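Since every read-out is calculated from the coordinates, none of them should be taken as a lab result. Just so it is clear, the structure is predicted and the values come from calculations on it, not from any experiment. Every residue, glycine among them, receives a Cβ derived from its backbone with ideal geometry; neighbour counts consider all protein chains shown.
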Protein chains: 2
Amino acid sequence: MKNNKSKTAKTAEARKGKLLLTLKNQGLTIYNDLENGKFPQFSIPSRSVSNIVYDKKLRQYILGNSSAVRSARNMSQLRSYTQLSWLAFFVNRLVKEGKSSTLRDIYYSSQAFEIDFEDQPESDNIIVDLEALLSFPREDFHIFPEERSSVFGDLTIEYTVPGYEGKRVNLSDHPDGYLIGPSLSSAELIDTSAELVIAIEKGGLFTRFVEEKVHKKFKAIIVDTAGQAPRSTRSLLKRLNTELGLPVVILADGDVYGEHIAMVIKSGSANAAHLRELTVPDAKWLGVWATDIEKYKLPTIPMTESDIKRIYDLQKDPRYQEGNWKTQLEVFLKLKRKAELEAFSKYGLTNITDKYLPEKLELSKSL
Amino acid sequence: MKNNKSKTAKTAEARKGKLLLTLKNQGLTIYNDLENGKFPQFSIPSRSVSNIVYDKKLRQYILGNSSAVRSARNMSQLRSYTQLSWLAFFVNRLVKEGKSSTLRDIYYSSQAFEIDFEDQPESDNIIVDLEALLSFPREDFHIFPEERSSVFGDLTIEYTVPGYEGKRVNLSDHPDGYLIGPSLSSAELIDTSAELVIAIEKGGLFTRFVEEKVHKKFKAIIVDTAGQAPRSTRSLLKRLNTELGLPVVILADGDVYGEHIAMVIKSGSANAAHLRELTVPDAKWLGVWATDIEKYKLPTIPMTESDIKRIYDLQKDPRYQEGNWKTQLEVFLKLKRKAELEAFSKYGLTNITDKYLPEKLELSKSL
């Protein structure tokens with residue numbers, strides 16, 4: 001079996017090899033500079049606001065051509081230069097040893113090497129620098145956040161993590177859902193009978209969907225994003241879309257945050273403009289739209305000041321300049337009220353799966 | 001197979017029958033009162049602070065003998081009387097139809113019946129009233145919160161939820177962990193080779209423990225409490241302890257909140273003084289103790305004002321009046337610093353599993 005490795009497993013190995021080579025080359029550059037009596041430095045694509053541009057063709061944010069230098073020569077850059085060098089060293093070890101780590105672990109691990117991080121935001125920021133420098137997401141570094149979402153449906157996966165290589169499970173076996181952690185993220189997607197992926201913002205609704213057999217009725221894989229979808233979840237959604245060819249639809253609360261959850265799944269965030277693995281450009285936002293609030297006579301809650309401020313902010317975002325995205329922001333602003341997914345419970349616990357979901361799925365065909 | 005139902009399945013059915021009977025009797029009382037020209041009322045064990053007492057024998061908080069009346073006769077009680085009647089009606093339907101619901105759903109579902117809840121805290125409170133009235137936890141009502149934790153290890157369970165009856169899975173099959181949702185909570189615990197349950201506060205450490213094969217090295221089932229353990233998780237810990245006879249140990253951050261996470265698993269919270277299914281009186285708090293901070297030379301963070309206030313609060317709690325619980329609070333107060341579980345990463349990512357855990361497990365035998 002070892003000679004007959006699957007395409008995904010081979011791709012994963014090739015990817016790991018490429019990362020280790022990139023790290024090695026960074027290290028070689030440092031040695032060469034030192035040999036030649038030069039101060040070593042890193043040149044990182046700049047992540048400043050002025051260098052983040054929306055690429056209409058790729059349908060996501062990307063970084064422009066500016067770069068920032070972290071040089072050992074410059075006293076004001078020496079600190080971040082050293083932090084970045086240490087992180088590259090540490091990531092090399094994580095990847096070689098096949099160990100995973102949290103963002104928080106990185107902050108503490110640095111202390112054993114007397115690398116000084118003021119606080120976790122500072123170490124988090126250096127991790128993003130390394131992503132931008134190497135053009136690899138931190139998941140490839142085996143660095144994961146704490147946040148975890150889940151998935152359920154007829155999807156057979158095959159693990160690649162140590163101790164589980166070649167082992168398969170079907171993600172409809174546990175009706176409370178499968179956590180999307182390092183093992184699932186790195187697993188191979190083998191087989192599915194599903195024809196659709198439904199991403200939903202809330203665990204309670206996810207459970208409702210499983211109970212009401214949405215996975216069978218709509219031949220769907222259901223993903224609980226648990227609020228703003230973590231990157232591991234966005235990466236899984238992308239893989240379901242590209243590797244298995246499944247369309248992705250999104251259900252979120254009927255407010256500006258819900259609309260943006262859908263947008264981030266579709267076209268990423270400015271924060272991750274240096275990465276390419278996280279967007280599903282053809283994903284469709286099913287709802288809850290602002291216009292659904294009146295159409296479905298949903299109970300509402302008044303918006304807060306910060307909800308309204310957030311709408312004004314998004315109205316400046318290039319992705320909200322046209323079509324339904326623009327319209328819905330305007331209607332939200334007019335209503336100054338919002339509605340949660342649970343609001344459908346007013347019409348019975350299964351109203352959302354019996355009526356709303358099929359109507360919106362039908363409508364989405366013409367979007 | 002249907003004639004050969006397992007003990008747990010039978011117990012679950014008996015429990016459901018008992019709940020439905022209790023609900024029916026409440027309903028009958030209302031009808032009888034109305035027939036006899038009396039205003040119907042509920043008499044609920046009082047949950048006011050003065051009626052919450054610590055029971056040394058049961059080793060948990062319980063309610064005293066005071067009760068509170070919600071009468072249809074009294075204008076100031078009519079509102080909560082009506083809300084409680086409606087909830088009993090709605091829960092009866094949920095249980096009969098085998099549907100689950102979130103706390104949030106209940107708030108919205110009420111609106112279809114023109115039952116007025118000011119906000120979700122008000123409906124949450126009435127749910128606790130119904131728990132106290134009937135002496136059943138809301139999980140029996142099929143009402144679950146959003147929060148979810150997870151479990152991993154060699155434990156075979158058998159589902160009882162519709163569509164999955166009789167189906168078994170082993171909880172070591174998915175190395176990212178199994179969500180503790182309604183299906184797992186109601187499953188039968190069939191078989192395990194484990195000799196210990198380790199409850200741990202954080203998802204990142206849970207992943208580390210799985211990677212380092214703590215489940216094999218220590219023959220353990222590992223539970224991620226994801227912070228303060230949700231009730232479904234405390235209920236699972238109790239079942240692992242009583243049904244399978246497994247000792248439970250707890251690892252949490254080295255601060256006053258971590259100490260209290262352990263205490264709540266062991267002896268419950270004042271909020272749930274009306275319930276009995278949620279405590280593991282023999283559970284042991286392994287750490288991180290305040291005294292571990294110096295012993296293991298852990299990197300620390302200064303306590304906030306609210307950390308310190310919380311220590312003074314807990315010093316008034318009867319459970320913190322003696323032994324190690326008292327000592328550790330005093331040492332925390334002296335140090336005025338705290339240490340997270342991740343702090344062990346300073347000494348290598350596996351320091352916590354290679355050194356700290358075995359040392360504390362050995363020590364715990366004499367606790």
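Details
- For the range A:196-207, 3J(HN,Hα) computed residue by residue from phi via the Karplus equation (6.51, -1.76, 1.60; θ = phi - 60°) reads 6, 10, 10, 8, 10, 6, 10, x, x, 6, 4, 4 Hz, glycine and proline entered as x.
- A:259, B:114, B:13, B:212 arranged by Cβ crowding within 10 Å, fewest neighbours leading: B:114, B:13, B:212, A:259
- Net lengthening on full extension, residue B:34/residue B:363 (0.36 nm per residue, minus Cα-Cα): 112.2 nm
- Neighbour-count ranking [beta-carbon atoms within 10 angstrom, fewest first] of A:337, B:70, B:148, B:93: B:93, A:337, B:70, B:148
- Helix B:103-112 and the longest principal axis of the C-alpha atoms of chain B enclose an angle of approximately 20°.
- Projected label distance in nm at residue B:122 and residue A:125, using a 7 Å step from Cα toward the beta-carbon: 4.6
- DSSP-defined antiparallel bridges as percent of all bridges, the range B:150-364, nearest 5: 55
- Label-to-label distances for residue A:79 across copies, nearest first, come out at 5.4 nm, using points 7 Å from Cα in the beta-carbon direction.
- Relative exposure of B:142, A:260, judged by other C-beta atoms within 10 Å (fewest first): B:142, A:260
- Secondary structure note: in chain A, about 65% of the DSSP beta bridges are antiparallel.
- Potential lengthening of the chain between residue A:66 and residue A:193 amounts to 41.2 nm, from the contour at 0.36 nm per residue minus the alpha-carbon distance.
- Dipole in debye (nearest 20) - chain A, about Cα centre, beta carbon charges: Lys, Arg +1; Asp, Glu -1: 920
- Average other protein chain Cβ within 10 Å of Cβ, residues A:107-113: 6
- Principal axis box of the range B:2-144, alpha-carbon based, largest edge first, Å: 52, 42, 35
- FRET E, pair residue B:244, residue B:270, Förster distance 25 Å, beta-carbon r, rounded to 0.05: 0.30
- Of all beta-carbon atoms in chain B, the one sitting closest to the axis that brings chain B onto chain A gives B:179, 3, with the distance in whole angstrom.
- Each other copy holds its own label point for residue A:29; taking that point as 7 Å from Cα along Cα to Cβ, the gaps run 7.6 nm, nearest first.
- Placing +1 on the Cβ of every Lys and Arg and -1 on the Cβ of every Asp and Glu, with no other charges, gives the protein assembly as shown a dipole of roughly 760 debye about its Cα centre.
- Antiparallel DSSP beta bridges within the protein assembly as shown, percent to nearest 5: 65
- Of the residues A:172, A:214, A:44, the one whose Cα sits farthest towards the positive end of the charge dipole of the protein assembly as shown is A:172 (charges of +1 on Lys and Arg Cβ, -1 on Asp and Glu Cβ, taken about the Cα centre).
- Distance between the C-alpha centres of the range A:342-360 and the range B:186-219: 38 Å, rounded to the whole angstrom.
- Sorted from shortest to longest, the distances between the residue A:242 label points of this copy and the other copies are 5.1 nm, with each point 7 Å from Cα along the line through the beta carbon.
- Given charges at Cβ of Lys, Arg, Asp, Glu: the protein assembly as shown dipole, positive-most of B:361, A:184, A:203: A:184
- Candidates A:50, A:67, A:269: whichever shows maximal mean-square fluctuation once chain A is modelled as a Gaussian network with Cα springs under 10 Å: A:50
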